[in-house]
1. If you count only protein heavy atoms and use a 1.4 Å probe, how large is the accessible surface of H32, to the nearest 10 Å²?
2. Given only helices, namely DSSP H runs of n ≥ 4 each adding -39500 (n - 2.57), what is the per-residue ellipticity at 222 nm of the chain, to the nearest 500 deg cm²/dmol?
3. Given a 10 angstrom Cα cut-off, can you work out which residue in L104, L118, L42 is the most mobile in a GNM of the chain?
4. Considering only I162, I33, I116, give the residue with the highest GNM mean-square fluctuation for the chain, with springs between Cα atoms whenever their separation is below 10 Å.
5. Normalise the Cα radius of gyration of the range 81-151 by 2.2 N^0.38 Å (N = residues in it) and let me know the number.
6. Count charges around R99 for me, please; just the other residues with Cβ under 9 Å from its Cβ, Lys/Arg as +1, Asp/Glu as -1.
7. Give the value in nm², to one decimal: projected area of the alpha carbon convex hull of the range 27-89, averaged over all directions.
8. Can you find, among H32, P160, A74, the residue farthest towards the positive end of the dipole of the chain? Put +1 on the C-beta of Lys and Arg, -1 on that of Asp and Glu.
Amino acid sequence: MTSLPEDLPSLINEDARDTAVQRLQEAYAQGHISHEEMDEGLDQVLTAKTHSELVSVLASLPEENAGTTSTIAAAGGRIRRRGAWRVPRILKVASAFGRVHLDLSRAVIEHPVVDIELQLGTGKAKITVPRDAIVDVEELHTGWKDMRYKTQRRSRPGGPRIRISGTMGFGRLKIRHARR
């Protein structure tokens, strides 16, 4: 998870508020705060207008667990994840020459926001996201070929937000929503 900057007086975006809510819920689940403290913190987070207000609510919480980042790397060959696999909060995928296929349709996604960072040279990449996922590709830079992704016309609320970033050299990325 990203930490919230303290010096920005700007208005809060949805991701920052979601991150703060998740941090409070995790602190409660791990026994660091009481139920009353969580309720009070949630009320403050949901009514906060600036980043500094969020930071003051989260200041007493323990540091975030940085152990939710995983890296999958291969110089060549195929990188494939499918079925019921556990998706980390941050997933880094690096491949110089191979194909990448990440199927998140039946994966266990425990985080409301998942960041997938791609560092790909050549070869194709395909990512299948859950049907109700919201996909953000603003931070992805493609070199040779454009990415293929059609946004979901009808999305149900409550799905995970999948943020895809990084760089792609000569390959093409195809993102699609699962049908089931």
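The values are calculated or read from the model by the stated rules, or taken from the named source; none is laboratory data. Remember, it's a predicted structure, so these values are computed and weren't measured experimentally. We place every Cβ from the backbone using ideal geometry, glycine too, and count neighbours over all the protein chains shown. Accessible surface areas use protein heavy atoms only, side chains included; no ligands, DNA or RNA. Shrake-Rupley method; radii C 1.70, N 1.55, O 1.52, S 1.80 Å.
1. Looks like 100 Å² after rounding.
2. Here the helix-only value at 222 nm equals -6500 deg cm²/dmol.
3. For the chain, modelled as a Gaussian network with Cα springs under 10 Å, the answer is L42.
4. Between I162, I33, I116, it is I33 that shows the largest mean-square fluctuation.
5. 1.10
6. +4
7. Its average projected convex-hull area is 7.1 nm².
8. The residue sitting most towards the positive pole is A74.
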